[in-house]
Amino acid sequence: MIRLVPRSHFGVWSTVFPLLIALGLTVVVGFVVLLAMSEQPLSDIWTLLTYPWQARTASVQWGFVLQKTSYLAVIAVGLSIGFRANVWNIGAEGQFAFGSIAAFAGYLLCGMPDTVWFLPVMLAFGVAGGVLWALIPAALRVIANTNELLTSLMLVYVAANVLNYVTTGPWKGDPKAGQAESDPIHQSLQIVSIIERTDLHWGVVISGGAIVALALVVLFTIFGYSLRVAQNTPRAQRFAGFSPNMTIWLSFIISGAMAGLAGAIYLSAETGKLIQSENYLNGLGFTAIVIAFLGRLHPFGIVAAAFLISYVNVGATYVQSASGVDDAVADLVQVTALFAVLGTAFLSRYRVVFGAQAILGERTA
Amino acid sequence: MSLLIIQILAASMLLATPLLLAAIGELVVEKSGVINLGVEGMMLIGGLAGFIALYQLQTSICTLELDGVCFASDNSVNQLQYIGALLIAALVGAATAAVFGFLTQHFRANHIAAGLGLTVLGAGLSNSLGGNFFGVDYTAAIVAKVPALFPASWTAVPVLGPLVFGQNLLVPFSFVMLVAVWFFLSHTRAGLVVRAVGENHHSAYALGYPVILVRMLTIMFGGAMAGLAGAFIVIAQIAPKWTEGITVGKGWLALALILFATWRPGRVLLGAYIFGIVLALEPRLKAIFSNMSLELSYFLTALPYIVPVVVLVLISRNPVMIRRNAPASLGQAFEPRS
């Protein structure tokens, strides 16, 4: 007989223990998947896990890992604020797109400046764009009681079409390009790499700063405390004088700002111009949802999860191209990791009791 | 003009059917107190499964062969092969949903987190598997068109031809399922148990009903219906090719339908056809305003996503109506009291 008994003591162990089990499960399933798909599984697993260390272009690989980590983490930390309080903004992809559009609009509005000092203004425009797009579902929720989860998601598709509109219409650049795209922003506004020829650029540092700032707010301020109250005991939130509507507004503003910032950095550092949505948006806003849950909605956990997933992705991409293993491996590892983390979360609230104790109940436990 | 109206109606039936199928499944799931936000993911995986199954099942005769490699082939599909592919899609959808069921029911995971995860990961997984599934690149594969149920001469009959005889097998099936689910939920004992579990799982458990088993079954039913809906989109609407992210948010439209319908089957039908007409109007409006520039046409493309937002806003302004029909235990994790 197996029985679940609610925990009476919560410590570090009750948080870490389920995560260790989840990590173990993920590793085992990843092994099995590679065993089934690969012809030389052992060397492939070794390559997958160590590629960023042993590649001849190690700095390039590490740059790629950190760059991907920064985008995922900055969006996911923003989303986790709302998720903690049961405010479901799943439209980060749209806010990301709108951040890019707004950053570009700001660049045009200010007369296409050609100095690096304009970069902070451009990023601020991006943040404002993300917030603006996120305020639509927030307002509909507060004013008309509309399910914010569905409206924020629908607005992703609208934002993608707005991006298509501006790149084929008013801001259309080179008509001979193989895709609909705008003219590039000025060279001096394109974020440069910290290390030559790598993807490790100053945008990663800016994202890191935003993550740290937000983590401090969540962990050490009254507002952060109110969010945690809202998460654990929704009714106490009201008694403590925190307004649920204010939680909705702030959740959307913060998550929209972070996604908008990521969109503006992406515009400046990766592409340098707006491109039609199919070639510009690559699901970062959706993957960030998974990262937020993988990190158990905690800032440290999210950064760790974003790093692990990016690390595995880089290795998996290489293994796929080198030995012809499906690139489904990386997706399968993500699936397993998320389901393992969600499936073991109950272990932080319950103890598993085996044998006679389970039948006799808590008296003997 | 009347011809145009009939065309729009026929097209909206084609477009409303997957929404209706997925929404009927999710309706039963939510009536049992579970909210599964993974409809879109299950549709994507089910759709790919149906496409792969049909590709493998179809009769293929090689017309141009050089050195044992086939360069051109003549493909055909009969109703039986089509039904086979649909069954596989439904089974794969149910299996995907079972993962969600185990996580939320047995391991007490958060419904919303597990559902969102299912959608995001279903999208990623179907993209990578579709590009290379046991050595075959399904983005390059082509399946034959599914034949109509009735002979071609019947389809030529005015009005009834395109609206009734020219339709795909799953269109009448969706109506049958709607009536069946309505009857099941409101007129059978088993349906009463499902609703009891959804209204108050503690009372249902105290009465001796297997709460977790009932919910597992409804979740798997919802998954099967979502798988069918996905396969319908891939095989009947967008055939002959499969592309990444082929459902473009139809799973979320199905979820919006449930809110619109306030959990009543009749209104699910109404909502599905309203959304279906909007989806059918979009390309025709583009044809009418054919001198409209490409960039403005993107606003018409966004229309099927703007309309649901507006509809949801209008319906949500009356909280009483939503609360009256919403299952009371919706989305709450069930932890048996001891």
>> Can you find a residue that is within 14 Å of chain B (Cβ to nearest Cβ), within 22 Å of A:W171 (Cα to Cα) and hydroxyl-bearing (S, T, Y) anywhere in region A:111-129?
In response: no
> Of the residues B:A72, B:A85, which single one is out of contact with any Lys or Arg (no Cβ under 7 Å at 6 or more places or on another chain), more than 14 Å from chain A (Cβ to nearest Cβ), of a type outside the set (F, W, Y) and within 18 Å of B:L170 (Cα to Cα)?
Replying inline: B:A85
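When the residues of region B:63-87 are narrowed to those that are farther than 22 Å from B:L149 by Cβ and surrounded by 11 or more Cβ atoms within 10 Å (Cβ to Cβ), which ends up farthest from the chain's Cα centre (by Cα)?
Taking region B:63-87 as the starting set, the residues that turn out to be farther than 22 Å from B:L149 by Cβ are B:63-74.
Keeping just the survivors that are surrounded by 11 or more Cβ atoms within 10 Å (Cβ to Cβ) gives B:65, B:70, B:73-74.
Values: B:E65: 38, B:C70: 35, B:S73: 31, B:D74: 30 Å.
Result: B:E65.
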> Any residue at all in region A:224-238 that is within 14 Å of another protein chain (Cβ to nearest Cβ), surrounded by fewer than 15 Cβ atoms within 10 Å (Cβ to Cβ) and more than 30 Å from A:R296 (Cβ to Cβ)?
Replying inline: no
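Could we say that B:S60 is surrounded by fewer than 24 Cβ atoms within 10 Å (Cβ to Cβ) and small (G, A, S) here? Let's see the steps before the verdict.
Numbers: surrounded by fewer than 24 Cβ atoms within 10 Å (Cβ to Cβ): yes; small (G, A, S): yes.
Yes.
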> From the set of residues in region A:140-153 that are without any contact (Cβ under 8 Å) to a residue 12 or more places away in the chain and part of a helix (DSSP H, G or I), which is farthest from the other protein chains (Cβ to nearest Cβ)?
Replying inline: A:I143
> Out of all the residues in region B:27-50, which are outside any helix (DSSP H, G or I) and either without any contact (Cβ under 8 Å) to a residue 60 or more places away in the chain or under 17 Å from the mean Cα position of the chain (by Cα) (or both)?
Replying inline: B:I35, B:N36, B:L37, B:G38
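Being among the hydroxyl-bearing types (S, T, Y), farther than 30 Å from A:A269 by Cα and in contact with a Leu (Cβ under 8 Å, 6 or more places away or on another chain) narrows it down to one residue among A:S80, A:S14; which is it? Please lay out each step first, then the result.
Values: A:S80 fails: farther than 30 Å from A:A269 by Cα.
When all the criteria are applied, what remains is A:S14.
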> Taking region A:285-314, which residues are under 22 Å from A:V127 (Cβ atoms), touching a Leu at 6+ places or on another chain (Cβ under 8 Å) and either within 11 Å of chain B (Cβ to nearest Cβ) or free of Cβ contacts under 8 Å to residues at least 24 places away in the same chain (or both)?
Replying inline: A:T287, A:A288, A:I289, A:I291, A:A292
>> Taking the criterion of being more than 10 Å from every other protein chain (Cβ to nearest Cβ), crowded, with 16+ Cβ neighbours inside 10 Å and over 30 Å from B:D137 (Cα atoms), would at least one residue in region B:316-327 satisfy it?
In response: yes
> For region B:217-227, which residues satisfy the criterion of being touching a Phe, Trp or Tyr at 6+ places or on another chain (Cβ under 8 Å) and closer than 13 Å to B:G198 by Cα?
Replying inline: B:I219
> Taking region A:38-48, which residues are touching a residue at least 40 places away in the same chain (Cβ under 8 Å), of a type outside the set (S, T, N, Q) and surrounded by fewer than 17 Cβ atoms within 10 Å (Cβ to Cβ)?
Replying inline: A:E39
> Applying the selection to region B:93-108, what residues are buried (at least 24 other Cβ atoms within 10 Å of the Cβ) and either within 14 Å of chain A (Cβ to nearest Cβ) or over 10 Å from B:A226 (Cα atoms) (or both)?
Replying inline: B:T96, B:A97, B:F100, B:G101, B:L103, B:T104
> Out of region A:135-146, which residues are buried (at least 20 other Cβ atoms within 10 Å of the Cβ) and not hydrophobic (A, V, I, L, M, F, W, C)?
Replying inline: A:P137, A:R141, A:T146
> From A:S70, A:S59, A:S100, A:S80, which residue is of a type in the set (S, T, Y), surrounded by fewer than 21 Cβ atoms within 10 Å (Cβ to Cβ) and in contact (Cβ under 8 Å) with a residue 60 or more places away in the chain?
Replying inline: A:S59
> Looking at region B:237-247, is at least one residue in a helix (DSSP H, G or I) and touching a residue at least 40 places away in the same chain (Cβ under 8 Å)?
Replying inline: yes
> Out of the residues in region B:109-151 that are more than 11 Å from every other protein chain (Cβ to nearest Cβ) and among the hydroxyl-bearing types (S, T, Y), which is farthest from B:T59 (Cα to Cα)?
Replying inline: B:T139
> Where residues in region A:6-28 are exposed (fewer than 15 other Cβ atoms within 10 Å of the Cβ) and among the small types (G, A, S), which of them is nearest to A:A330 (Cα to Cα)?
Replying inline: A:G24
> Taking helices (runs of 4 or more DSSP H) that fall entirely within region A:189-251, which contain at least 1 residues that are over 19 Å from the mean Cα position of the chain (by Cα) and charged (D, E, K, R)?
Replying inline: A:222-232, A:234-239
> Residues in region B:328-338 that are surrounded by fewer than 12 Cβ atoms within 10 Å (Cβ to Cβ) and either of a type in the set (S, T, Y) or touching a Pro at 6+ places or on another chain (Cβ under 8 Å) (or both): how many?
Replying inline: 1
>> If I filter region B:256-296 down to residues being over 26 Å from B:V39 (Cα atoms) and facing another protein chain (nearest Cβ under 9 Å), which single residue comes out as surrounded by the most Cβ atoms within 10 Å (Cβ to Cβ)?
In response: B:E295
> Looking at region A:123-139, which of the residues that are among the β-branched types (V, I, T) and touching a residue at least 24 places away in the same chain (Cβ under 8 Å) is nearest to A:N279 (Cα to Cα)?
Replying inline: A:V127
> Any idea how many residues of region A:217-255 are within 25 Å of A:E93 (Cα to Cα) and among the hydrophobic types (A, V, I, L, M, F, W, C)?
Replying inline: 10
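Kindly indicate the residue of region A:158-182 that is at the interface with chain B (Cβ under 7 Å from one of its Cβ atoms), touching a residue at least 24 places away in the same chain (Cβ under 8 Å) and farther than 16 Å from A:G256 by Cα and also farthest from the chain's Cα centre (by Cα) among those meeting that condition.
From region A:158-182, those at the interface with chain B (Cβ under 7 Å from one of its Cβ atoms) are A:158, A:161, A:164-165, A:168-169; that's our starting set.
Narrowing further to those that are touching a residue at least 24 places away in the same chain (Cβ under 8 Å): A:158, A:161, A:164, A:168.
Restricting the remaining residues to those that are farther than 16 Å from A:G256 by Cα gives A:161, A:164, A:168.
On the way: A:N161: 22, A:N164: 24, A:T168: 29 Å.
In this case the residue turns out to be A:T168.
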> Could you say which residue among A:Q67, A:Q54, A:Q40 is among the polar types (S, T, N, Q) and in contact with an Asp or Glu (Cβ under 8 Å, 6 or more places away or on another chain)?
Replying inline: A:Q67
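Taken together, the values in this text are just the output of simple stated rules run on the coordinates, not laboratory data. The model shown is predicted, which means the values in this text are computed figures rather than measured ones. Ideal geometry is used to build each Cβ from the backbone, glycine not excepted, and the neighbour counts take in all protein chains shown.
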